[in-house]
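Enquirer: This structure is in structure tokens; I'll ask about it shortly.
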């Protein structure tokens with residue numbers, strides 16, 4: 001990833017190096033690396049693919065933070081909090097270009113198509129969310145949203161790693177399903193941590209999704225079991241515009257309700273379906289590492 | 001191109017249809033179509049490639065207009081003049097994704113690499129221009145800038161069309177050179193029209209580049225032959241910050257100087273070198289169409 005930042009303007013290079021060093025769990029490339037390792041893919045290609053996936057992810061984060069006006073990411077100031085919007089837009093574009101270049105190095109055309117389609121899915125998801133009214137949504141809309149936002153890139157990382165491996169189409173599909181299931185679980189856990197996490201570790205205020213009018217799974221469960229709750233009726237009526245004090249009360253109600261446990265159960269179900277997919281593969285250290293990754297996703301605290 | 005806008009949010013679809021219908025000369029895809037036609041490429045593939053090139057071009061324009069705060073493009077309001085920056089950023093990203101998807105349909109891996117590299121060149125060029133101080137630049141810097149901004153995509157369109165044709169590497173290189181030469185000429189003529197064009201046809205105020213502190217070829221020639229001119233010395237001293245009245249005087253001085261003719265001569269030289277490249281190819285209607293395109297580039301008025 002750092003090598004991709006070498007042939008650009010020195011000021012830009014420093015910014016990219018900083019951006020690429022700022023951490024993150026690197027969970028999307030890890031997923032691809034473990035699958036490539038299990039299926040016997042060429043190591044260099046798997047690493048290049050991992051770098052492409054992580055750069056694509058970073059590019060979308062740079063544009064997202066600009067769009068949301070977010071000031072912090074992973075506990076450090078975002079690019080847009082320090083730079084002009086123009087430079088931030090172009091930095092994201094540069095990362096897209098470099099991610100596409102790395103993906104092209106896979107020498108695998110279907111993978112290039114998958115790469116482009118995944119980018120379109122992610123961006124279209126963000127546009128849909130932007131155009132949609134805030135407030136109440138249906139459960140199906142929530143699943144579509146978290147697929148576009150998160151699971152699509154997990155799915156791509158897993159499927160692409162299988163594509164560059166010496167395996168049949170059935171195995172490629174199985175890995176795609178594994179990526180999908182743990183990607184869905186990952187975002188559900190993210191949405192739970194928004195209610196239950198420590199502000200210091202999550203890196204944003206508790207309940208910030210709902211305070212911004214974004215309804216996620218814990219809220220959906222709460223609405224289902226408390227349809228006559230005053231705050232819920234306000235939310236249904238006014239979308240994201242009800243006052244902050246009432247929203248904070250709703251956050252507290254959700255935190256102490258069984259909606260959190262229901263959401264955890266659902267994340268667990270996604271992970272279990274993912275683990276089922278792995279069963280036909282040869283037991284051993286490679287499969288065990290993937291199982292470990294899947295379980296980490298529901299037990300993590302950040 | 002319109003088909004690419006079908007699988008997205010309805011509001012977005014309307015915007016994309018509008019954006020793709022807003023005209024423009026479509027000169028970059030035309031270049032590729034004529035080359036593909038001359039070299040015997042598959043017509044469907046050539047058309048898909050042309051759509052990919054034009055969508056990539058449109059994506060960069062959408063982000064450029066946002067960055068420059070431009071309100072008009074091709075005489076109609078820009079996306080950013082009517083929409084929030086967030087939606088404009090995402091629209092550009094969506095077009096990048098769809099352009100990459102179209103490029104992947106070429107079934108030609110080197111073309112995908114070329115596509116990603118060209119995007120990186122264009123974006124890096126914009127970043128370099130943003131970080132560079134305004135005011136005086138060297139001639140080499142001007143050439144580097146117009147290569148990144150314009151000639152790189154002409155070069156890509158021409159080279160990619162040859163890549164998907166049943167021809168040898170030498171022919172691919174020849175077409176790349178042809179695209180480069182007429183792409184350089186195209187941008188030089190754009191920079192001349194900024195001084196000599198009618199505001200109504202060019203779509204922006206006369207001399208707007210220089211008024212924004214952007215030094216182009218006519219100004220470079222003027223500086224070389226009038227090093228002791230008061231406005232030139234001010235420009236050298238203060239970069240883009242000298243007052244507007246003085247800049248307007250400099251624009252008038254350049255318009256009535258021989259710097260315009262020198263710049264036209266230089267654009268002609270680029271086109272002539274391009275035409276030389278075509279000579280070894282079989283004379284006929286296909287080659288004649290490419291020669292016509294090259295000549296149009298220096299004689300156009302918009």
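Enquirer: Kindly provide the set of residues from segment B:1-48 that are at pLDDT 85 or above, in contact with a helix residue (DSSP H, G or I) (Cβ under 8 Å, 6 or more places away or on another chain) and loosely packed, with under 13 Cβ neighbours inside 10 Å, ordered by number.
Expert: B:43
Enquirer: From the list A:91, A:128, A:58, which residue is more than 12 Å from chain B (Cβ to nearest Cβ) and in a helix (DSSP H, G or I)?
Expert: Numbers: A:91 fails: more than 12 Å from chain B (Cβ to nearest Cβ); A:128 fails: more than 12 Å from chain B (Cβ to nearest Cβ).
The conditions single out A:58.
Enquirer: Look through B:214, B:290, B:250 and report the one residue that is touching a residue at least 12 places away in the same chain (Cβ under 8 Å) and more than 28 Å from residue B:180 (Cα to Cα). Spell out the reasoning first.
Expert: Working: B:214 fails: more than 28 Å from residue B:180 (Cα to Cα); B:290 fails: more than 28 Å from residue B:180 (Cα to Cα).
Every option except B:250 fails the conditions.
Enquirer: What residue, of B:233, B:273, is buried (at least 16 other Cβ atoms within 10 Å of the Cβ) and not in a loop (DSSP other than H, G, I, E, B)?
Expert: On the way: B:233 fails: buried (at least 16 other Cβ atoms within 10 Å of the Cβ).
Every option except B:273 fails the conditions.
Enquirer: While we're here: Scan segment B:109-120 for residues that are more than 7 Å from chain A (Cβ to nearest Cβ) and surrounded by fewer than 19 Cβ atoms within 10 Å (Cβ to Cβ) and report the count.
Expert: 1
Enquirer: Can you tell me which of (1) surrounded by fewer than 22 Cβ atoms within 10 Å (Cβ to Cβ); (2) closer than 22 Å to residue B:108 by Cα is the one residue A:106 doesn't meet?
Expert: Residue A:106 satisfies every listed condition except (1).
Enquirer: Here is a follow-up. Of the residues that sit in segment B:25-45 and are in a helix (DSSP H, G or I) and either more than 20 Å from the chain's Cα centre (by Cα) or without any contact (Cβ under 8 Å) to a residue 40 or more places away in the chain (or both), which one is nearest to residue B:286 (Cα to Cα)?
Expert: Step one: filter segment B:25-45 for residues in a helix (DSSP H, G or I), giving B:27-39, B:43-45.
Cutting the leftovers down to either more than 20 Å from the chain's Cα centre (by Cα) or without any contact (Cβ under 8 Å) to a residue 40 or more places away in the chain (or both) gives us B:36-39, B:43-45.
Values: B:36: 10, B:37: 7, B:38: 5, B:39: 9, B:43: 14, B:44: 18, B:45: 18 Å.
Out of the qualifying residues, it is B:38.
Enquirer: In addition: When you go through (1) under 25 Å from residue A:5 (Cα atoms); (2) at pLDDT 95 or above one by one for residue B:140, which number turns out not to apply?
Expert: (2)
Enquirer: Test residue A:107 against the stated conditions and say whether it is under 30 Å from residue A:281 (Cα atoms), part of a helix (DSSP H, G or I), at pLDDT 80 or above and more than 23 Å from the chain's Cα centre (by Cα). Spell out the reasoning first.
Expert: Values: under 30 Å from residue A:281 (Cα atoms): yes; part of a helix (DSSP H, G or I): no; at pLDDT 80 or above: yes; more than 23 Å from the chain's Cα centre (by Cα): yes.
When the stated conditions are applied, residue A:107 does not pass them.
Enquirer: Could you list, in sequence order, all residues of segment B:276-290 that are within 20 Å of residue B:184 (Cβ to Cβ) and surrounded by fewer than 17 Cβ atoms within 10 Å (Cβ to Cβ)? Lay out the reasoning, then the answer.
Expert: Step one: filter segment B:276-290 for residues within 20 Å of residue B:184 (Cβ to Cβ), giving B:276-279, B:290.
Correct list: B:276, B:279.
Enquirer: Let me ask something else. Please go through segment B:1-17 and give me each residue that is assigned to a helix (DSSP H, G or I), over 17 Å from residue B:100 (Cβ atoms) and either within 9 Å of chain A (Cβ to nearest Cβ) or within 21 Å of the chain's Cα centre (by Cα) (or both), ordered by number. Steps first, answer last, please.
Expert: Here is the first cut: in segment B:1-17, the ones assigned to a helix (DSSP H, G or I) are B:2-5, B:10-17.
From what is left, the residues that are over 17 Å from residue B:100 (Cβ atoms) are B:2, B:10-15, B:17.
The answer is B:10, B:11, B:12.
Enquirer: Mind checking which helices (runs of 4 or more DSSP H) fall wholly inside segment B:143-229 and carry at least 3 residues that are crowded, with 19+ Cβ neighbours inside 10 Å? Working first, answer last.
Expert: Details: elements: B:152-163, B:169-196, B:199-202, B:208-211, B:217-225.
Qualifying helices (runs of 4 or more DSSP H): B:152-163, B:169-196, B:217-225.
Results for (1) in contact (Cβ under 8 Å) with a residue 40 or more places away in the chain; (2) more than 7 Å from chain A (Cβ to nearest Cβ), shown as yes or no for each residue.
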position: B:64; (1), (2): yes, yes
position: B:77; (1), (2): no, yes
position: B:104; (1), (2): no, no
position: B:122; (1), (2): yes, yes
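Enquirer: Is it the case that residue B:100 is at the interface with chain A (Cβ under 8 Å from one of its Cβ atoms) and within 22 Å of residue B:152 (Cβ to Cβ)? Step through it out loud before you land on a result.
Expert: On the way: at the interface with chain A (Cβ under 8 Å from one of its Cβ atoms): yes; within 22 Å of residue B:152 (Cβ to Cβ): yes.
Yes.
The values are calculated or read from the model by the stated rules, or taken from the named source; none is laboratory data. Keep in mind that this is a model prediction, so the values were computed, not measured. In this analysis, Cβ positions are derived from the backbone assuming ideal geometry, glycine residues included, and neighbour counts consider all displayed protein chains.
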